[in-house]
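The values are calculated or read from the model by the stated rules, or taken from the named source; none is laboratory data. Everything numeric in this text was worked out from a predicted model, so none of it was measured. Heads up, the Cβs are rebuilt from the backbone with ideal geometry, glycines too, and the neighbour counts pull from every protein chain shown. Surface areas here come from the heavy atoms of the whole protein model, side chains and all, with no ligands, DNA or RNA. Shrake-Rupley method; radii C 1.70, N 1.55, O 1.52, S 1.80 Å.
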Amino acid sequence: MGLAAASGLPLVPRERRNPLLATSFGTGEMLRAVLDAGIRRIDLGVGGSATTDGGLGILAALGLGMTVEPELAVHLEELDARLGDVELRIASDVTNPLLGATGAASVYGPQKGASPVDVRNLD
């Protein structure tokens, strides 16, 4: 199973790519369907995504609750309880850090349509 299949660059024409709006929610929906099928060992490839949401879309599709006002709060207790029984392995072909000059936004943001200002904001 791969992130690119539901949230990937090939699904978004180059002129419509916008990493500030792209989400991994579709991948979360795919994972929910896998859980519905009773599968509890998942290998997820994370390359080729059109997103820079850090997986928040996946978590939202799996029930993550978030509120912003009056302050940011994350409600993990709302996540799909079946996740506790899942063996999830992430497959990645890169070793970039999350942040900084060689981080995810700096290196992969431009291929997803990020401008230099977008890269700074995403980082």
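Table for the structure above
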| item | result |
| --- | --- |
| Lone qualifier among Gly109, Gly113 - being in contact with a helix residue (DSSP H, G or I) (Cβ under 6 Å, 6 or more places away or on another chain), within 20 Å of Leu3 (Cα to Cα) and not β-branched (Val, Ile, Thr) | Gly109 |
| Hits in the stretch 58-105 - residues which are touching a residue at least 24 places away in the same chain (Cβ under 8 Å), open to solvent by less than 40 Å² (accessible area, probe 1.4 Å) and under 19 Å from Ile42 (Cα atoms) | Ile58, Ala61, Leu62, Asp80, Val86 |
| Residue pairs meeting the criteria (Cβ under 8 Å; at least 6 apart or on separate chains; first touching a residue at least 40 places away in the same chain (Cβ under 8 Å) and under 14 Å from Leu88 (Cα atoms), in the stretch 38-51; second acidic (Asp, Glu) and open to solvent by 40 Å² or more (accessible area, probe 1.4 Å)) | Arg40/Asp85; Arg40/Glu87; Arg41/Glu87; Ile42/Glu87 |
| The stretch 17-37, subset open to solvent by 70 Å² or more (accessible area, probe 1.4 Å) and free of Cβ contacts under 8 Å to residues at least 12 places away in the same chain, residue farthest from Gly63 (Cα to Cα) | Leu21 |
| Selection from the stretch 38-57 of residues that are open to solvent by 30 Å² or more (accessible area, probe 1.4 Å) and more than 30 Å from Asp118 (Cβ to Cβ) | Gly38, Ile39, Arg40, Arg41, Asp43 |
| Matching option when the condition is more than 18 Å from the chain's Cα centre (by Cα) and among the polar types (S, T, N, Q), among Thr67, Thr51, Thr27 | Thr67 |
| Tally, over the stretch 1-31, of residues that are under 21 Å from Gly84 (Cα atoms) and either touching a helix residue (DSSP H, G or I) at 6+ places or on another chain (Cβ under 6 Å) or modelled with pLDDT of 90 or more (or both) | 9 |
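Here's the yes/no breakdown for (1) in a helix (DSSP H, G or I); (2) at pLDDT below 95; (3) more than 28 Å from Pro13 (Cβ to Cβ); (4) not β-branched (Val, Ile, Thr):
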{"site": "Ala33", "(1), (2), (3), (4)": "yes, no, no, yes"}
{"site": "Asp43", "(1), (2), (3), (4)": "no, no, yes, yes"}
{"site": "Asp53", "(1), (2), (3), (4)": "no, yes, no, yes"}
{"site": "Ala60", "(1), (2), (3), (4)": "yes, yes, no, yes"}
{"site": "Pro70", "(1), (2), (3), (4)": "no, yes, yes, yes"}
{"site": "Ile90", "(1), (2), (3), (4)": "no, yes, no, no"}
{"site": "Thr95", "(1), (2), (3), (4)": "no, yes, yes, no"}
{"site": "Asn121", "(1), (2), (3), (4)": "yes, yes, no, yes"}
